[in-house]
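Everything below concerns the one structure shown next.
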Amino acid sequence: MGVNVDVRAALGGAPMVSLAGVRFAYGERVILDDLHLSIAAGESVALVGRSGAGKSTLLKLINRLLLPQSGTILVQGRDTRDWDPIALRRRTGYVLQEIGLFPHLTVEENVALVPRLEGWPPERRRARAHALLDLVGLPAAEFAARWPRELSGGQRQRVGVARALAVDPPILLMDEPFGALDSTTRDELRSEFQRIRRHLRQTVVLVTHDRDEAFALGDRVTVLEQGRLTCAS
Amino acid sequence: MRLLNFWMTHGAELGAMIERHLFLVLWSTVVAAAIGLPAGIVAAHRPRIGRPLLAAASIAQTIPSLALLGFLLPLPFIGGIGPRIAIVALVLYALLPIVRSTAAGLRSIDPSVRDAGIAMGMTPRQLLWLVELPLALPSIVAGIRIATIVGIGTATIAAAIGAGGLGEYIFRGLSMVDSTVILAGAIPAALLALIADGVLTWVERRLAPGRQRLPRAAPAAVAAASLLVAALAAVGIGSARPDAIVVGSKNFTEQVLLGELLAQTLERRGLTVTRRLNLGGSFICDRAIRAGDIDAYVEYTGTALAAILKKPIVKEPEAAFTAVRDAYGRAGLSVLPPLGFNNTFAIVVRGADAQALNLRTIDDLRRVQTQWRPGFGYEFAERTDGYSGLASAYGLHFTTPPRVMDLDLVYRALAGRQVDVIAGDATSGLIKALDLAMLTDNRRYFPPYHAVPIVRAAVLLAHPEVREALARLAGTISEDDMRAMNAAVDVDHRDVAATVKEFLTRVQ
């Protein structure tokens, strides 16, 4: 967690992520319009909205998978336009709705991928992957060498979370993380995630169509409607 | 049994052919992969470039293989006889399966997996090497597997242009109408295809960790089965009678006439003869006689020295004959005395031009070299003892580079004024028929090409009357006789056997 602490110390009280007057459209279709949002370091914000409300777009703007047509998005005080996209994405954990585990890599290799891109030595990568698997409730001894196709949906999503946390990124983006799971597994994962968060204190931006999930996981909940945010908590 | 026997007696040759076959297929597949993989990646990432790319590869695939070789022959750098052009043709065929399966493998990757890679901060290069290529690898290997199997089949055609390989047996067997020889080439080719399929399917499965695959032996089984069926269909077309003398010839009119001439001469002595005329080029006849598949054919001293024995050219006719006789003798082949005529290259112009400009010798061509267009057959254009040697021997520099075309076409092209000077055969029947004139080789550049019967020594020992009968042909055929016989067949469309019979009746 060394990186994390240093960054927060350096930033002082400045917001971790802030969006001001952000507009984004796919051609004619306006997705987000004059959107303002500020997220403090260590805060967990849940955004609720119907499908098509622009939830995923909002996340993609934060790690520069997309750039806004107007307005500014600051991450750790710097405009995403000025960030090197690769560097920004590596320090932004992302849990995808479809999970997107790499089918040709084992569970351990999936979790250790960003450390590998960052050039960590193999021993450190391995130790980190095992620690994270234990943290998300998949004992490394049992699961590290498995292939993604040998896991259940809930187990895959746990691996997805572990992978997103691998280099201890200051920001964690989650897109409908537990949406596709059955209710028992979902509840279990939610409480598990709250436990993990108490442990790590990441800044989390979570989008979901499920109000229960939003209130369970967010310190603050906002509603995304017609391209703008309205406060709900 | 005959087949096993054939393989046993031709063991070394068979080994060399398999080796050559694999050489052709391996090189062409490696080159095709080197071109096809990047092309497939581009095709998958940029459909706008990819679509025309795939269309081009598809078109290359639809060209019949012999036609493709025909198109490639006259091209500079890649053209010409031999393995290089065969590899180029095989590469063109191998490209489509490799490009298509690479592109398909990349496109079939779950988009969420690619998105995850990008979101995790992979550079495009890392995404390609760490995610896309490993996931597409089984599909890529499947494409390489198909390309290899197609290549093993198509490479048999390469024998047609002298590139060697197992096709040589198939072509030799087809022209000799001997199913054993066809099978001797077809069966190993089918087995190679099966083995290649097995090995590459295994590789493909190994490269797909954590994923199930369907069994995919079908294409190879089909390929192997069709090869076998084709080979078996050839069974029963007939085989040589055991005690007959087998006479062969190359695949042009004069050679067929000379083969028929040997055959009729032997038959007049009461011997049984099997005709295997029209065998293909010098190379195939030479292989056939050395393998004992034919017993006799007519070769030319100059061709024997330069093209078959790969010896320096000898300009003096006697010395050339002696050199050829000695070299063949060491291989158990007897060279009988020359038949008489010299079928050398002839530099030919239109008769009217020769008269109007008073052209008599090749030297005289220098007067017209700035205006005239030369036209040559592939062999003459290509060989060092052809055009390039002629040009330096006579100090000739045609302003227009020579047009290269099929040897059969050059005479018509000359008569039709598309070219003004050609290299032809001194004995061509068309020289007279089209009112053309031959220029004298006053510097004696062209080596002698005297026609000599070549007979297996073992046959001469078993049938002494063969030597006696063929020796009586020595010196009996003049250039005019040969030109007349060629003209009778090529121009007047007379029957070969009747033409030869007439000639033999006249001289004996």
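Tabulated values for the structure
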read-out	value
Test: residue in segment A:58-72 that is surrounded by fewer than 21 Cβ atoms within 10 Å (Cβ to Cβ), more than 11 Å from the chain's Cα centre (by Cα), touching a residue at least 60 places away in the same chain (Cβ under 8 Å) and over 24 Å from A:Pro115 (Cα atoms)	no
Those residues of segment A:73-89 which are away from chain B (no Cβ under 14 Å) and either of a type in the set (A, V, I, L, M) or without any contact (Cβ under 8 Å) to a residue 12 or more places away in the chain (or both), in sequence order	A:Ile73, A:Leu74, A:Arg78, A:Asp79, A:Asp82
Qualifying residue in segment A:187-195 (condition: surrounded by 20 or more Cβ atoms within 10 Å (Cβ to Cβ) and within 15 Å of A:Tyr94 (Cα to Cα))	yes
Exclusive hit being buried (at least 19 other Cβ atoms within 10 Å of the Cβ), at pLDDT 80 or above, under 17 Å from B:Ala163 (Cα atoms) and of a type in the set (Gly, Ala, Ser), set B:Ala57, B:Ala86	B:Ala86
Condition check for B:Ser101: at pLDDT 90 or above, over 30 Å from B:Asp286 (Cβ atoms), out of contact with any strand residue (DSSP E or B) (no Cβ under 7 Å at 6 or more places or on another chain) and of a type in the set (Ser, Thr, Tyr)	yes
Hits in segment A:38-55 - residues which are out of contact with any His (no Cβ under 8 Å at 6 or more places or on another chain), surrounded by fewer than 20 Cβ atoms within 10 Å (Cβ to Cβ) and not acidic (Asp, Glu)	A:Ser38, A:Ala40, A:Gly42, A:Gly52
Failed item, numbered, when A:Gln226 is tested on (1) touching a Gly at 6+ places or on another chain (Cβ under 8 Å); (2) within 20 Å of A:Ser56 (Cβ to Cβ)	(1)
Answer residue from segment B:93-126, given it is of a type in the set (A, V, I, L, M, F, W, C), outside any loop (DSSP other than H, G, I, E, B) and at the interface with another protein chain (Cβ under 10 Å from one of its Cβ atoms) and is farthest from B:Ala67 (Cα to Cα) among those	B:Ala119
Residue in segment B:319-332 that is of a type in the set (Val, Ile, Thr) and either under 30 Å from B:His397 (Cα atoms) or over 27 Å from the mean Cα position of the chain (by Cα) (or both) present	yes
Verdict on B:Glu382 being in contact with a Cys (Cβ under 9 Å, 6 or more places away or on another chain) and within 30 Å of B:Ile85 (Cα to Cα)	no
The listed residue being surrounded by fewer than 21 Cβ atoms within 10 Å (Cβ to Cβ) and among the hydroxyl-bearing types (Ser, Thr, Tyr), out of B:Ser101, B:Ser112	B:Ser112
Filter pass, B:Ala32 being at pLDDT 90 or above and either surrounded by 16 or more Cβ atoms within 10 Å (Cβ to Cβ) or over 20 Å from B:Val99 (Cβ atoms) (or both)	yes
Any hit, segment B:209-231, residues being more than 30 Å from B:Ile144 (Cβ to Cβ) and either surrounded by fewer than 21 Cβ atoms within 10 Å (Cβ to Cβ) or modelled with pLDDT of 90 or more (or both)	no
Helices (runs of 4 or more DSSP H) lying entirely in segment A:116-233 (those with 3 or more residues that are within 14 Å of chain B (Cβ to nearest Cβ) and under 19 Å from the mean Cα position of the chain (by Cα))	A:153-164
Selection from segment A:106-115 of residues that are under 18 Å from the mean Cα position of the chain (by Cα) and more than 10 Å from chain B (Cβ to nearest Cβ)	A:Val111, A:Ala112, A:Pro115
Residue satisfying all of: in segment B:381-440; under 28 Å from the mean Cα position of the chain (by Cα) and β-branched (Val, Ile, Thr); farthest from B:Val489 (Cα to Cα) among these	B:Thr384
Candidate set: segment B:38-53, residues that are under 19 Å from B:Ser139 (Cα atoms) and touching a helix residue (DSSP H, G or I) at 6+ places or on another chain (Cβ under 6 Å); chosen: the one surrounded by the fewest Cβ atoms within 10 Å (Cβ to Cβ)	B:Val42
Qualifying residues in segment B:259-302 (those that are of a type in the set (S, T, N, Q) and under 22 Å from the mean Cα position of the chain (by Cα)) - the one farthest from B:Val507 (Cα to Cα)	B:Ser282
Those helices (runs of 4 or more DSSP H) lying entirely in segment B:370-480 with at least 3 residues buried (at least 17 other Cβ atoms within 10 Å of the Cβ) and outside the structural domain of B:Ala296 (by TED's automatic domain parsing)	B:378-382, B:407-415
Qualifying residue in segment A:90-105 (condition: more than 10 Å from chain B (Cβ to nearest Cβ), in contact with a Ser or Thr (Cβ under 9 Å, 6 or more places away or on another chain) and farther than 22 Å from A:Asp134 by Cβ)	no
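The values are calculated or read from the model by the stated rules, or taken from the named source; none is laboratory data. Please read these numbers as outputs of a predicted model, since none were measured by experiment. For neighbour counting, all protein chains shown are included, and Cβ atoms are generated from backbone atoms with ideal geometry for every residue, glycine included.
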